[in-house]
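Report on the structure given below.
The values are calculated or read from the model by the stated rules, or taken from the named source; none is laboratory data. Keep in mind that this is a model prediction, so the values were computed, not measured. Note that each Cβ is placed from the backbone with ideal geometry, even for glycine, and that neighbours are counted across all protein chains shown.
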Amino acid sequence: MSDKAGPLPPVWYSTAAILRDLLVRLPHGRRLQEYRVWQVWETVVGKDVACEARPLRIEDGKLFVMVSHPSCVQELQFAKARIKAQLNQVLGRVVVKGIFFVVGHTGRAVAEPPSPSRPLPRFTELVVPALGNPRLEKAWAAVLSARRRRLVKDALA
């Protein structure tokens, strides 16, 4: 009897596993892995945090996240290591090496501005206030006059 048990059966891999391995080998495969951060961001950080903080860009493993308010940045600083670890775990490899927070507009819905406490005058009732400079007053009067003519023209059209 031989020690060999015969040829090994073929190993089957899922299409997703094969494509994932192939994508990494492509010239821009690493970038494709980095961009998956946008797909998994809300899953990793949760819906509430995702409304306040969104991935902005990723460069050489450095993930820049736009955050709506400085107080949110402070809270996220405490969770930075956990977020990085969970992102890499979900992505299946080390993609995010560092996270940097930037304060700015995150695209979340903005509340309606408060209504004025007193009604604004109609545009046709506006007058140029005394500015102490006759040339400036004349220029603003010309702007108001041109705007009034435009409003009348648009109303008639």
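Summed over region 60-77, residues that are without any contact (Cβ under 8 Å) to a residue 12 or more places away in the chain and more than 13 Å from Val45 (Cβ to Cβ) total 2.
In region 39-71, the residue that is surrounded by the most Cβ atoms within 10 Å (Cβ to Cβ) out of those that are part of a helix (DSSP H, G or I) and over 15 Å from the mean Cα position of the chain (by Cα) is Val44. Residues that are under 30 Å from Ala79 (Cα atoms) and among the small types (Gly, Ala, Ser) were ranked within region 99-145; the one that is modelled with the lowest pLDDT is Ala111.
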